[in-house]
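Worksheet: one structure, shown below.
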Amino acid sequence: MSEEQIFEQVVKILTPYVKDEKALASISGETNILEDLKVNSARLVDVVLAFEDEFDIEIADEDVDSVNTVGDCVSLIARTKG
Amino acid sequence: MGKEISKNEALTLIPQRPPFRFVDEILELDENHVTSIYRWSEDHEFYKGHFPGNPVTPGVLLVESMAQAAVIPLALYSWSKEFGREGLSSLTTLFTDVEVEFGGVVRPGDRVTISGNKAFYRRKKLRAACEMRLDNGTVVCSGNLSGIGVQL
C-alpha cells in the first residue's frame, strides 16, 4: 500500500470527527489534527482504533503520543505495517 | 499493575452523590461486564416540573444513570488494574460521547436494571454498550456511552 493510499484512508477515517470543514478542504500532511481540524482530543482513541481495524495493525499507546499531524498518522501506519 | 476492585469498592468510588446519584447497587462487575440497579425515588424534585401532574423521568437522567451505573464502574475497574488504587484518586470521570435510543418511560418509583458490556478501553477511555430495563423487561434506554479519566 502506497503512502498516498494510506493518506486517502486516513482522511476518510478522520472526516466524521472533523469540526473545521475549511481545514478539511485543504488537508495535507502538515495539517494538525487537533489544532487545524479541531478534532475532539477524546476522539483520538476512536481514530486510532479505526486505523487498527482499517489497516490490520496494532498501534502502541506510546506511539500515539507523538502523532500531531495527518502526515504523522501516515508515517506511523506505514512504519507499523512494515 | 494494580489489583482490580470489587463491586462494593466500585460502588463507593463512584464519585457522584445525592441529589445527583442514580445508582443504588452493583450486582455484578468484572473487566467486561457490569449489572447495577437503581430505584427512581418519588422524592426527586425534578418530577414536579417534568411534567406537572404527569411525572416522567427525564431521558437525560436515564443516560446519566447508565453512565454512573455502567460506564464508571467498568472504567474504575480498568483504571485500578492499570494505575492502582492510588492512581484512581487523581482521575476525574468525564463523559466524552454518547449515542442512545429511548424505548419506554420511567415513572417515579420504578426500579431499573442497568447493564454494560465493555466495547473498548484504551488510553483511559472506555466505551460500553449499555441497556436500562424496567422490572417488566421493557428496554427504556440503550446505546453506546463513553467516558474518559482526566486530571483536572
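Only the coordinates and a few stated rules stand behind these numbers; no lab work does. Remember, predicted model here, so these are calculated numbers, not experimental data. All Cβ positions, glycine included, derive from the backbone under ideal geometry; neighbour counts span all protein chains shown.
Taking every Cα-Cα distance in the protein assembly as shown and sorting them into 10 Å bins starting at zero, the pair-distance distribution P(r) comes out as 7, 28, 28, 22, 12, 3, 0 percent.
Distance between the C-alpha centres of region B:1-50 and region A:10-61: 34 Å, rounded to the whole angstrom. In the frame of its principal axes, region B:1-64 has Cα extents of 51, 19, 16 Å, reported largest first. Look at the alpha carbon pairs under 8 Å that are at least 6 residues apart: their mean separation over the length of region B:1-96 gives a relative contact order of 40 percent. Relative to the longest principal axis of the Cα atoms of chain A, helix A:44-55 runs at roughly 50 degrees. Assuming a strict under-28 Å limit between Cα atoms, what lysine pair count do you get for the protein assembly as shown once near-sequence pairs (fewer than 8 apart, same chain) are dropped? The number of close lysine pairs in the protein assembly as shown is 29. P(r) tail, chain B: Cα-Cα pairs separated by more than 18 Å, 54% of all pairs. Look at the alpha carbon pairs under 8 Å that are at least 6 residues apart: their mean separation over the length of chain A gives a relative contact order of 38 percent. How far is helix B:72-88 tilted off the main Cα axis of chain B, in degrees rounded to 10, range 0 to 90? The helix B:72-88 is inclined about 30 degrees to chain B.
FRET efficiency for the pair A:L24 and A:D61, taken as 1/(1 + (r/R0)^6) with r the Cβ-Cβ distance and R0 = 22 Å, rounds to 0.25. Working note: 222 nm ellipticity from helices only, DSSP H runs with n ≥ 4, each -39,500 (n - 2.57), summed and divided by the residues of the protein assembly as shown, gives -9500 deg cm²/dmol to the nearest 500. Take the Cβ atoms of B:V139 and B:Q16, set R0 to 25 Å, and the FRET efficiency comes out at 0.60.
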